[in-house]
């Protein structure tokens, strides 16, 4: 946040989006103008479960979602011109919120996309661009499994940004872009302090896949032949070891696949 020539400039300074909010003093008080900004996807309305990224495809960036999987999406019915009758009207968010019968199934699928393995109640299926900022209600591009219970620090950012938009201190499109790009930075610019330290970020790794323990098998074939390095071994012995005149051998499959072989 900086001040030059009487203008207060609020910007994130990220390469991903060259955004700025310039607030100048006018005859009618504070006036907000949005800087150059890329457009967010226009949300789609879903009544059934839409496609989501495949399992393990998405990677959270600490407290922020994967921008390729969850870029954010906006509701085309909400514009700067009608905020008084939409997002700034009491009860708007609840009037467009998708039902739990839709979100619970989507939550499980998106947890798989993000490779999240903690209990489902450890996450909130959150709107990246919040409903109170005109976010798309049911588009999976605007929903992701946010670690931590609700309410959480992001809710404070949503409330502060909503108040700024409805007070005409912040342009709607700027608020949408900023919260989609980095909601923590937006909260700090709105004077909410260091939010990142308040948000849990540790995600448990996936559970270890159970594997069949290796065995020690006889050093000879049924005919009495001692196994040698380089000889084929049966697939049933893959990973097993044997000890004979040629030392300890392990039945291994080479990188290119094919028949496993005894390897010294």
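Would you mind calculating the gained length between residue 117 and residue 226 on full extension (0.36 nm times residue separation, minus the Cα-Cα distance), in nm to one decimal?
Residue separation times 0.36 nm, minus the Cα-Cα distance, leaves 34.6 nm.
At 7 Å along Cα-to-Cβ for each site, give me the label-to-label distance between residue 95 and residue 215 in nm.
Taking the simple label geometry, residue 95 and residue 215 are separated by 6.9 nm.
How far apart, in nanometres, would the label points at residue 167 and residue 47 be if each is projected 7 angstrom from Cα along the Cα-to-Cβ direction?
4.2 nm
Work out how much length residue 61 to residue 155 would gain on full extension: take 0.36 nm times their residue separation and subtract the Cα-Cα distance, in nm to one decimal.
So the extension gain works out to 32.0 nm.
Sorted by average packing, counted as other Cβ atoms within 10 angstrom per residue and highest first, what order do 39-51, 165-177, 57-69 take?
Highest-to-lowest ranking by the protection proxy: 165-177, 57-69, 39-51.
Could you give the nm distance between label points at residue 194 and residue 85, where each point is 7 Å from its Cα heading toward the beta carbon?
4.6 nm
Each reported figure results from applying straightforward, stated rules to the coordinates on display, with no laboratory input. Since we're looking at a predicted model, the values are computed, not measured. Positions of Cβ are backbone-derived with ideal geometry, glycine not excepted, and every protein chain shown enters the neighbour counts.
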